[in-house]
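The values are calculated or read from the model by the stated rules, or taken from the named source; none is laboratory data. This one's a predicted model, so the numbers in the text were calculated from it and none came from an experiment. Note that each Cβ is placed from the backbone with ideal geometry, even for glycine, and that neighbours are counted across all protein chains shown. Accessible surface areas use protein heavy atoms only, side chains included; no ligands, DNA or RNA. Shrake-Rupley method; radii C 1.70, N 1.55, O 1.52, S 1.80 Å.
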Amino acid sequence: MAQQAGETEFTLDTAAELASDEPASTIRGRSPWYLAWHRLRRNYVAFAFLVLFVVVLAACALAPVYASQVAHSGPNANHVLETVKVNGHEVSVVSAGGYIDKKTGKPCTVSGTGCELFSAIPIGPTWFSAGGKFVLGADANGRDVAVRLLYGGRSSLVVGIGSTAICVFFAVILALLSGYFGGWIDFVITRFFDLFYAFPVVLLGIALGSALAINGFHHFGINIESGSLWIPTLVISYVLVPYVGRPLRGQVLSLREKEFVEAAISQGASPMRVMFSELLPNITSSLLVFFTLIIANNIVLEAALSFLGAGVQPPTASWGTLIADGQNLIVTRPWLALAPGIAIVLTVLSLNVFGDGLRDALDPRAKIKIEH
Amino acid sequence: MATFLVRRSIGAILVCIAVTFVVFLIFIVVPGGDPAQRIAGKNATPQNIINIRHSWGFDQPFYTQYWVMLKKMFGGNLVSYTSQQNVLTQIVQGMPATFSLTIGASIIWLFFGILVGVLSAITAGRLSDRVITVLALIGISMPVFWLGIITRYYLAEGGLVTWFPDGEYVGITQSPVQWLSHMILPWLVLAVLFIGFYGRVLRGNILDTINEDYVRTAKSKGLTPRRILVKHVLRTSLIPIVTLFGLDFAAVLGGGAILTETVFDLHGVGQYAELSINNFDLPPIMGVTMYGAFFIVVFSMIVDLFYAYLDPRIRPT
Amino acid sequence: MEPGGALMAERLLEVEDLSVHFATVDGTVKAVDGVSFELERGKVLGIVGESGSGKSVTAMTLMGLTRDVNAHFGGEVRYKGRNLLELSESEMQGYRGNEIGMIFQDPMTSLNPVYRIGEQIVEAIQAHDKVDKRVAKRRAVELLKQVGIPNPESRVDDFPHQFSGGMRQRAMIAMALSCNPDVLIADEPTTALDVTIQAQIIELIGRLKDDFNSAVIMITHDLGVVAEIADEIIVMYAGRVVEQAEKRDLFYDPQMPYTWGLLGSIPRLDRPKPERLHSIKGAPPSVINAPAGCKFRPRCPHAFEKCVDEPALENRVEKPGHLDRCWLDVEVKRALRDATISGDTQEAA
Ligand SMILES: Nc1ncnc2c1ncn2[C@@H]1O[C@H](COP(=O)(O)OP(=O)(O)OP(=O)(O)O)[C@@H](O)[C@H]1O
Ligand SMILES: [Mg+2]
């Protein structure tokens, strides 16, 4: 394509001429970012899901307001011995246990095959009939699940977004260094990637998470205590660096051969300049897509690690630990496990759908075919 | 061909050695504090800790410690400190369940993944494609352990119906019928994520390949649409899927299905690691991590060989 | 039909007022707009134009390769009297490769990298002739020999990546001719090749056209390529035909300033090599938002008021059958042209 003889020459005169002939918007519209935005704007589904994500973000950000104004409780406040008025009746938050029928969730008298013994049974969802208290019920410790769900969302989102930011940051640096310099730098970095590809991601995360969960991390002047959210954040960002870095390196490598990069280098631009003002801007569109999809991925990974006890540590709530708590009470109080799961699915789905729309908008090959 | 094999094998061995070093760093060096106490777990007696310190050589220099760890790992002498059981024996005991889970689920996810990908690609832009896309994205967005808990409760424990037996693994030699009925739900749950993911990847690959010049050439020869799709489009679109499948298969075989195994109580290799997490009993986690890495390294080698077979351009002559 | 007797050449293809529009998210792409031409057995038609002028879309439409959910067709493409645009997809399959064969621009990507050259030719043969594999393969070897591949018996089992660019294009030609089509479309068959190979390929196509007694549509952006073998040439710009004439007339009496530009792009041995090829200033027009009036107006150095209306494609010179779309007075134009093409004075500055 580049060597076609009909190559044209675009001078300022002709540009001005063209501009006067065509509506200004179509000229400016040629920018790929504008076109992408133009396409994205018409993708109502992607937009609706973006709104959904923003709503989830806002709800979790407002967790303290909900806790103090609506539920009158805190994320770790224990109400085991208290009672609450539901539709005018006093009900204990956690009642004494007994045999429960698995099918109906109602108490049963004999310990038949369908019955299971529970030590304590928390109150179920009150759906606002208790003045905003225990909207989704309580857990075995008498804590308000709705409050914990919002606070748990905060941890999950902080870990998910934080780990993505850190992971993408390092992946980009490594990809730029590797793709730009090549040679032994590239060799070392790609070997590093290969090495971490050799571990199942979840296992590596669990290994790191559980090894660090005991004493925290104390090296190189960095001190992280064992219960900190930094541990799952760093663990997740660390295990995913190769998965983001490798495809990015491939892109940088192919950009590196492009004329405009060669030109910048031959004009004596410093490596820093080439990397950050020539190469980086050209991978931003994939970065944007990656960013969205990796946040989604990391929220699920965080939930998995926390569910297994290798992520966010109790008593801090996160969607993963909430599901783990709910698993034990699934027969009597299924909402304890359903609610955080639905929260994860909605959040992750919104990011995945939006990310998908973003990719289609930025890279419309599938829709418009350009032949030469 | 022979040189390719030799080179690739040497590479694999080097990666394995590097993996042991990473495991050493993760479990012994990086966490800080007293490694003996950590390995001993939460409920260790002081005597236990002193024994561990001695048997792992934590009073010795760095390289001796590494060497001791290698000897323990490859000599099959890794011992869990809470249950005092040999890690290797436990892993071997978990393998039938893990292998059953992996092989069954992978057949399901490969078949349906390809089906979903092809269906949505050939109807790209139409309603069916949109519906499939949304379903696939929902599949990708569901945490597998949550899906497992929910389906187990509603479909096996009687929350709604009791179509499936409730968890646990029954050996295939013990009762093939029981084995099958116990595995179906875990297979489906584990496969859901992969079906969605493979479907999306394949759809993208097919849509890219359809725009390739050689597909246009095939069309210009007057071939039937089916032949073009199967021989020209799918043949090349499936090459990346082969790589993906090999590595995912290895990861799940190597304990990557830890969540599914745990939720359905299958007593596989992954669940073995999970049971140790809450006691902070590290040797089993170490053992399973190594075991998982081994499968990935071996399978990535197989995938490379197969890849060279599928793509003549990189076939060594 | 005019009376013509036995000597009257057989008219294979008649394209009438063909238009191809694509609906895209960014707007309607009028890739081809009102194109008409005819092709007789034994003739070579050249289609020339810049990148994006709609040459490939025209060619691919003849074979039904542009059919898509977002494509809209107008006009007629009559092949031996049948309108191909009205055929169903499965009817069209019978024409592809069998009646009309096509060679593409980039031989590097036009062959499937995972199949042997022979397999790909055999596949083309078996698509239309129910012959068994061994017979088809023998024919493939024969074809490779005809297109000048050395050792065809062994090379037939090579993969595309083991062939050089020129050899791949020869293999493509063998494949396109494997079912003995009456029309061969060559879409920039030489663009990706180096200059010495280009001439050989053009010569080969010309020779095979006679051997196979077919007609050829040769697409190129470089008038030099068709100078040898074309009988008639049409010049396309922004999806439209802007000039159409017999080869001699087009070279010696070009009417469109756009054609002058194309002629000026041909490197000439009799002049010192300029710094860069004489080229037409400005970007090729957008086929989404094409300017009203003459499409070439924004880049034409001789545009005047009248160009705001689009001129019809009609005969304006003495020679019948020489059509163009330019408002300029023929005599004025000839004077301007001679100054533009032969005088590289302004170009040297
Ligand atoms: N399927 C399609 N959908 C939308 N636009 C298309 C499609 N196919 C071609 N086009 C557009 O139609 C225009 C004409 O394209 P065409 O490929 O015919 O140009 P060309 O003259 O062959 O150019 P080149 O010399 O680069 O091969 C281009 O602007 C192209 O982007
Ligand atoms: Mg073209």
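Considering (1) farther than 18 Å from B:Leu202 by Cα; (2) within 11 Å of another protein chain (Cβ to nearest Cβ); (3) in contact (Cβ under 8 Å) with a residue 40 or more places away in the chain, the lone condition that B:Leu247 does not fulfil carries the number (1).
Which fully enclosed helices (runs of 4 or more DSSP H) of the stretch B:232-317 have 3 or more residues being modelled with pLDDT of 85 or more and within 19 Å of B:Ser9 (Cβ to Cβ)? Talk me through it step by step, then tell me what you get.
On the way: elements: B:235-251, B:258-263, B:269-277, B:282-310.
Output list reads B:235-251, B:282-310.
Within 14 Å of chain A (Cβ to nearest Cβ), outside any helix (DSSP H, G or I) and either at pLDDT 90 or above or open to solvent by 10 Å² or more (accessible area, probe 1.4 Å) (or both): does that describe B:Gly125? Steps first, please.
Numbers: within 14 Å of chain A (Cβ to nearest Cβ): yes; outside any helix (DSSP H, G or I): yes; either at pLDDT 90 or above or open to solvent by 10 Å² or more (accessible area, probe 1.4 Å) (or both): yes.
When the stated conditions are applied, B:Gly125 passes them.
Restricting C:Leu204, C:Leu223, C:Leu177, C:Leu193 to those that are more than 14 Å from chain B (Cβ to nearest Cβ), over 15 Å from the mean Cα position of the chain (by Cα) and closer than 24 Å to C:Leu13 by Cβ reduces the list to C:Leu204.
Which one is farthest from C:Arg325 (Cα to Cα) among residues in the stretch C:237-246 that are buried (at least 19 other Cβ atoms within 10 Å of the Cβ) and among the charged types (D, E, K, R)?
To start, the set of residues in the stretch C:237-246 that are buried (at least 19 other Cβ atoms within 10 Å of the Cβ) comprises C:237-245.
Next, only the ones that are among the charged types (D, E, K, R) stay: C:240, C:243.
On the way: C:Arg240: 10, C:Glu243: 6 Å.
Per the stated criteria, the residue is C:Arg240.
Return a yes/no flag: does the stretch A:189-203 have any residue that is buried (at least 23 other Cβ atoms within 10 Å of the Cβ) and away from every other protein chain (no Cβ under 14 Å). No, there is no match, as no residue in the stretch A:189-203 is buried (at least 23 other Cβ atoms within 10 Å of the Cβ) and away from every other protein chain (no Cβ under 14 Å).
Looking only at the stretch C:105-125, residues that are within 15 Å of ligand 2 (Cβ to nearest atom) and buried (at least 20 other Cβ atoms within 10 Å of the Cβ) come to 4 in all. Within the stretch C:21-68, restricting attention to residues that are near ligand 1 (Cβ under 10 Å from one of its atoms) and in a helix (DSSP H, G or I), the residue that is nearest to the other protein chains (Cβ to nearest Cβ) is C:Ser56. Only one entry of B:Asp281, B:Asp265, B:Asp311 meets the criterion of being farther than 14 Å from A:Ala198 by Cα, more than 14 Å from chain A (Cβ to nearest Cβ) and of a type in the set (Asp, Glu), and that entry is B:Asp311.
For the stretch A:333-340, check the following and say yes or no: at least one residue is in a loop (DSSP other than H, G, I, E, B), surrounded by fewer than 24 Cβ atoms within 10 Å (Cβ to Cβ) and not assigned by TED's automatic domain parsing to the domain that holds A:Trp33. I'd like the intermediate steps shown before the answer.
Pass one, the stretch A:333-340, residues in a loop (DSSP other than H, G, I, E, B): A:333-334.
From the residues that got through so far, the ones that are surrounded by fewer than 24 Cβ atoms within 10 Å (Cβ to Cβ) too are A:334.
Now restrict to residues that are not assigned by TED's automatic domain parsing to the domain that holds A:Trp33: A:334.
Yes, some residue in the stretch A:333-340 is in a loop (DSSP other than H, G, I, E, B), surrounded by fewer than 24 Cβ atoms within 10 Å (Cβ to Cβ) and not assigned by TED's automatic domain parsing to the domain that holds A:Trp33.
Taken together, the criteria exclude A:Leu301 from residues that are at pLDDT 85 or above, assigned to a helix (DSSP H, G or I), more than 8 Å from chain B (Cβ to nearest Cβ) and open to solvent by 40 Å² or more (accessible area, probe 1.4 Å). Taking each residue of the stretch A:330-351 that is more than 9 Å from chain B (Cβ to nearest Cβ) and looking for partners that are of a type in the set (S, T, N, Q) and open to solvent by less than 20 Å² (accessible area, probe 1.4 Å) with beta-carbon atoms closer than 9 Å, six or more apart or interchain, yields A:Ala343/A:Ser156. Tallying residues that are at positive phi and open to solvent by less than 40 Å² (accessible area, probe 1.4 Å) within the stretch C:10-36 yields 2.
When the stretch A:206-234 is filtered for residues that are under 22 Å from B:Thr260 (Cβ atoms) and more than 10 Å from chain B (Cβ to nearest Cβ), only A:Pro232 remains. Within the stretch C:73-94, is even one residue within 11 Å of another protein chain (Cβ to nearest Cβ), open to solvent by 40 Å² or more (accessible area, probe 1.4 Å), more than 16 Å from ligand 2 (Cβ to nearest atom) and among the basic types (Lys, Arg)? Within the stretch C:73-94, none of the residues are within 11 Å of another protein chain (Cβ to nearest Cβ), open to solvent by 40 Å² or more (accessible area, probe 1.4 Å), more than 16 Å from ligand 2 (Cβ to nearest atom) and among the basic types (Lys, Arg).
Select from the stretch A:305-330 the residues that are open to solvent by 10 Å² or more (accessible area, probe 1.4 Å), over 16 Å from A:Pro125 (Cα atoms) and hydrophobic (A, V, I, L, M, F, W, C) and list them in ascending order. Correct list: A:Phe307, A:Ala324.
Answer yes or no: is there a residue in the stretch C:32-55 that is within 12 Å of ligand 2 (Cβ to nearest atom), acidic (Asp, Glu) and either out of contact with any Cys (no Cβ under 9 Å at 6 or more places or on another chain) or modelled with pLDDT under 90 (or both). Among the residues of the stretch C:32-55, at least one is within 12 Å of ligand 2 (Cβ to nearest atom), acidic (Asp, Glu) and either out of contact with any Cys (no Cβ under 9 Å at 6 or more places or on another chain) or modelled with pLDDT under 90 (or both), which makes the answer yes. Looking only at the stretch A:278-297, decide whether some residue is within 14 Å of chain B (Cβ to nearest Cβ), open to solvent by less than 10 Å² (accessible area, probe 1.4 Å) and part of a helix (DSSP H, G or I). Looking through the stretch A:278-297, at least one residue is within 14 Å of chain B (Cβ to nearest Cβ), open to solvent by less than 10 Å² (accessible area, probe 1.4 Å) and part of a helix (DSSP H, G or I).
Filter the stretch C:59-72 for residues that are farther than 13 Å from C:Glu188 by Cα and within 18 Å of the chain's Cα centre (by Cα); which is farthest from ligand 2 (Cβ to nearest atom)? Step through it out loud before you land on a result.
Taking the stretch C:59-72 first, the residues farther than 13 Å from C:Glu188 by Cα are C:61-72.
Within this subset, residues satisfying the condition of being within 18 Å of the chain's Cα centre (by Cα) are C:61-66.
Numbers: C:Thr61: 12, C:Leu62: 13, C:Met63: 14, C:Gly64: 17, C:Leu65: 12, C:Thr66: 12 Å.
Only one residue fits best here, namely C:Gly64.
Within the bounds of the stretch C:175-192, is there any residue that is within 21 Å of C:Val35 (Cα to Cα), open to solvent by 20 Å² or more (accessible area, probe 1.4 Å) and not hydrophobic (A, V, I, L, M, F, W, C)? No: zero hits. Residue pairs whose Cβ atoms lie under 9 Å apart, separated by 6 or more positions or on different chains, with the first residue in the stretch C:211-236 and of a type in the set (Ser, Thr, Tyr) and open to solvent by less than 30 Å² (accessible area, probe 1.4 Å) and the second within 16 Å of ligand 2 (Cβ to nearest atom) and outside any strand (DSSP E or B), are C:Thr220/C:Gly49; C:Thr220/C:Lys55; C:Thr220/C:Glu188; C:Thr220/C:Pro189; C:Thr220/C:Thr190; C:Thr220/C:Thr191; C:Thr220/C:Val226.
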